[in-house]
Amino acid sequence: MLTRPVNLSNFENLKMGDRELDQQLVEKVQRGDKHAFDLLVIKYQRRLARLLSRFVRDPAEVEDIAQETFIKAYRALPSFSWR
């Protein structure tokens, strides 16, 4: 799914909860940092694939649906707001 190698070293030792990290990454994406979105994909792609696999048996279809989900999320992030 990712098009380039991702360096996680900047985020490995952060002492924050998932919500705080996600919020920080989303804010970076909203400022134009595509690398931050790569990190969100890495964080959630396996979890999403496991969920989809409960409903879809074809692994290729699971991958397609997951990819479409991330594309839709990326397009929606500019207007996303934490409430």
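The values are calculated or read from the model by the stated rules, or taken from the named source; none is laboratory data. All values derive from a computational prediction rather than experimental measurement. As a convention, Cβ positions derive from the backbone with ideal geometry for all residues, glycine included, and neighbour counts pool all protein chains shown. The protein model used for the area step is the full one, side chains on, heavy atoms only, and it has no ligands, DNA or RNA in it. Shrake-Rupley method; radii C 1.70, N 1.55, O 1.52, S 1.80 Å.
Considering only segment 65-83, state which residues are within 15 Å of the chain's Cα centre (by Cα) and free of Cβ contacts under 8 Å to residues at least 60 places away in the same chain.
Answer for segment 65-83, where residues must be within 15 Å of the chain's Cα centre (by Cα) and free of Cβ contacts under 8 Å to residues at least 60 places away in the same chain: Ile65, Glu68, Thr69, Ile71, Lys72, Ala73, Tyr74, Arg75, Ala76, Leu77, Pro78, Phe80.
Any idea which of Arg57, Arg47 is on the phi < 0 side of the Ramachandran plot, without any contact (Cβ under 8 Å) to a residue 12 or more places away in the chain and not in a helix (DSSP H, G or I)?
Among Arg57, Arg47, only Arg57 is on the phi < 0 side of the Ramachandran plot, without any contact (Cβ under 8 Å) to a residue 12 or more places away in the chain and not in a helix (DSSP H, G or I).
Identify the residue in segment 15-36 that is of a type in the set (A, V, I, L, M, F, W, C) and open to solvent by 30 Å² or more (accessible area, probe 1.4 Å) and, among all such residues, is farthest from Leu77 (Cα to Cα).
Met16
Checking Met1 against (1) at pLDDT below 95; (2) part of a helix (DSSP H, G or I); (3) surrounded by 10 or more Cβ atoms within 10 Å (Cβ to Cβ), which test does it fail?
Of (1) at pLDDT below 95; (2) part of a helix (DSSP H, G or I); (3) surrounded by 10 or more Cβ atoms within 10 Å (Cβ to Cβ), only one is false for Met1: (2).
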